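Everything on this sheet refers to the single structure shown next.
The values are calculated or read from the model by the stated rules, or taken from the named source; none is laboratory data. What you see is a predicted model; the values in this text were computed from it and never measured. Note that we place each Cβ from the backbone using ideal geometry, even for glycine, and neighbour counts take in every protein chain shown. All accessible areas refer to the heavy atoms of the entire protein, side chains included, with ligands and DNA or RNA removed. Shrake-Rupley method; radii C 1.70, N 1.55, O 1.52, S 1.80 Å.
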Amino acid sequence: MALAGTGVFSEIIDGEVYRYYADGEWRSSASGKSVAIVNPTTRQTQYRVQACTQEEVNKVMEAAKVAQKAWARTPLWKRAELLHKAAAILKEHKAPIAECLVKEIAKPAKDAVTEVVRSGDLVSYTAEEGVRILGEGKLLVSDSFPGNERNKYCLSSKIPLGVVLAIPPFNYPVNLAVSKIGPALIAGNALVLKPPTQVYDSFGIFNSFTECEGLISCVTGKGSEIGDFLTMHPGVNCISFTGGDTGIAISKKAGMVPLQMELGGKDACIVLEDADLDLVAANIVKGAFSYSGQRCTAVKVVLIMESVADAVVQKVNAKLAKLKVGPPEDNSDITPVVTESSANFIEGLVMDAKEKGATFCQEYRREGNLIWPLLLDHVRPDMRIAWEEPFGPVLPVIRINSAEEGIHHCNASNFGLQGCIFTRDINKAILISDAMETGTVQINYAPARGPDHFPFQGLKDSGIGSQGITNSINMMTKVKSTVINLPSPSYTMG
Ligand code: G3H
């Protein structure tokens, strides 16, 4: 209850149950029911959130529609001003917000502060980028198209979509919430947010957007009651989702609205013989094990040339031995994974690899949701871990004999988020990048979404649409044209 404990955010809690946020107020649901949020480290119920009803969701949608109309008429510079203020409030409260992340999702303390500061910067940048790109329109004249005279002037500009439904994931609850809130608001939309099931306290961040009454809402509840109801709601004009497979189900059910889906990844790290092996080892450890591997952009399979594999495995093992494993409050590098079912899933992948003969570079160790970092060498394509996404501190290494073999494995995945290549030969790197079926390829660096203004997108089951600040603003708008029709020149000029 880190945020509720601060004066600014105290109204977000009602006894033991967090309120939902609608019409600029924190409210209790008429259902009288609540949903438990479980602490990943202690595996005990940390607190509860309101189980909103469908009727309450309807009211939130109606309020959002009304507020959006007024907001769309608010001058762009004023919308930007509000976002700048929100960014400042976020940064000012970085300590209590980060404390929530430590408790709710076992994010290491230092990473939690970084997430909040990054989020403040994202909101400020969004305000500035919004002013730049939404402040511009386009003028077309008709006589560039065959058969036309110069008597039509088409003025185009970007207008908001209406109400954006935002569903951020547990692993970046603040950053991936504001990466949806910021673009939606600057573009003149209202926004309804459904937080991930494991997180809530940090959503006191809504108080950062103080002047937006009714414009943003946050509803909580049971997926069975409000999940599909929200995503299929006729009041929703756009859905921005980050998470797992649920996104595929949402895409199939959603109406005719723009979708932005960032789903899973099996990001491959292809290592060639001429790579800088120290750089490779450092990036594998950071890329695969930061936040205990719970990042969609984590390195999830290493595809390494046989001739350098032993050396890299040795270097990675030496680094893994130095990682601190323990509770997030101690700023450990490896912390408990988010739920017991995630830990069980990871264990299932590890046991499958064991049965099929993978080499364990460390002893497999688990206490509750805490899993010690593990490198699995000599993984083969018949093992589940070669293809599935553990979302945990467990990394498979597949030895290859050619770059083509690496590309083939990468492209055989149903995912296509990011990938990376380590080589000193830039020509080879570009050719391999072109051949890899992923939304982004990093050369000589581990996969990463940021900086937050870079385009970020997945192919295949990794997603739909492109994110990054500019792309998100554009995605949350549509083009409106007004055509001025003049009398034809031949008529007026004789
Ligand atoms: O988990 C998915 C995130 O979008 C990854 O973001 O690359 O900044 O860790 P990141």
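Quick look at the values:
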item: FRET E, pair ASN317, ALA249, Förster distance 45 Å, beta-carbon r, rounded to 0.05; result: 0.70
item: Within straight-line cross-link reach of LYS194, aspartates and glutamates at Cα separation under 12 Å, skipping those fewer than 8 residues along the same chain; result: ASP228
item: Spatial extent of the range 45-121: Rg and Dmax, with the Cα atoms as the point set, Å; result: 16.9, 45
item: SER157 paired with GLU62, simple spin-label distance in nm, labels 7 Å along Cα-to-beta-carbon; result: 3.2
item: Cα lying deepest toward the dipole's positive end in the chain, options LEU431, GLY15, ASN58, charges on Cβ; result: ASN58
item: Reachable lysines from LYS300, criterion Cα separation under 18 angstrom, eight or more residues apart if same chain; result: LYS266, LYS286, LYS315, LYS319, LYS354, LYS460
item: Relative contact order of the range 348-491, pairs being alpha-carbon contacts under 8 Å that are 6 or more residues apart, as %; result: 15
item: Segment ARG150-SER402, extension gain: residue separation times 0.36 nm, minus the distance between their alpha carbons; result: 84.8 nm
item: Rough spin-label spacing in nm, given labels placed 7 Å along Cα→Cβ, for ASP425 and LYS354; result: 4.0
item: Where labels lie 7 Å past Cα in the beta-carbon direction, separation of GLU347 and GLU25 in nm; result: 4.7
item: The chain, accessible surface, carbon-and-sulfur percent (1.4 angstrom probe); result: 54
item: Lys pairs, the range 74-131 - Cα-Cα below 22 angstrom, 8 or more residues apart or on other chains; result: 8
item: Solvent exposure of the chain as accessible area per residue, Å², 1.4 Å probe; result: 41
item: The chain: relative contact order in percent, alpha carbon pairs under 8 Å with at least 6 residues between; result: 18
item: Residue-averaged 222 nm ellipticity for the chain, from DSSP H runs of 4+ at -39500 (n - 2.57), nearest 500; result: -11500 deg cm²/dmol
